[in-house]
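Reviewing the structure listed below.
The values are calculated or read from the model by the stated rules, or taken from the named source; none is laboratory data. This one's a predicted model, so the numbers in the text were calculated from it and none came from an experiment. Neighbour counts run over all protein chains shown; Cβ positions are idealised from the backbone, glycine included.
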Amino acid sequence: MIFKYISNNLKWFKNILIVFLFNTLLIEPIFAQSADENVLIQNVKWVIKSEVIIINYDLVGSLKDQYEIKVVMKKQDDPDFQFIPRAVEGDIGIGYFAGLKKEITWYYRRDIPQGITADEKYYFIVNVKEIKSSKSWIYYLVGGVLATGAAIILLSSKSKEQGQKELPLPPGRP
């Protein structure tokens, strides 16, 4: 009975399903991962050692929360200059990074083969974003169930459109 209702109102159901899937799969996870005002990066320092640059920082935040850490190199004399190091390792990316004396190692020669001149005045900005994922698995579960249901309904409606007709009811008895 419910399938007959859905097949009679298929266009309406498709529109509602598309809006709900868009909200569940795209909008909600974005808001589930928002920055927290209580998270703070302090004491950013860096030093060149041979072929690497060591960047140290302190992250003031909860030890049980995950954070996304990104680094940007800038120049004091050129406000438009911005370089995102790629050949990095250590306390960067997504992880449990709260605490003191966190360290990022940047193999700068891999990203900038010509090297960095000492007369340029560079500095680093360490960006942090708290990852809040307490309910995000629910969105993926509901989205998966809805996507499966939508696929079944769309496939069943296409098979009817391809020439499969329902048999008419038999004539009434005389």
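Odds and ends about this structure:
- Once region 70-98 is narrowed to residues that are among the charged types (D, E, K, R) and out of contact with any Lys or Arg (no Cβ under 9 Å at 6 or more places or on another chain), the residue that is surrounded by the most Cβ atoms within 10 Å (Cβ to Cβ) is Lys74.
- Residue list for region 43-77, filter: in a loop (DSSP other than H, G, I, E, B) and of a type in the set (Ser, Thr, Tyr): Ser50, Ser62
- Checking Ile2 against (1) modelled with pLDDT under 90; (2) over 30 Å from Glu166 (Cβ atoms); (3) aliphatic (A, V, I, L, M), the condition it does not meet: (2)
- Residue within region 124-133 that is touching a Phe, Trp or Tyr at 6+ places or on another chain (Cβ under 9 Å), assigned by TED's automatic domain parsing to the domain that holds Ser50 and surrounded by fewer than 12 Cβ atoms within 10 Å (Cβ to Cβ) present: no
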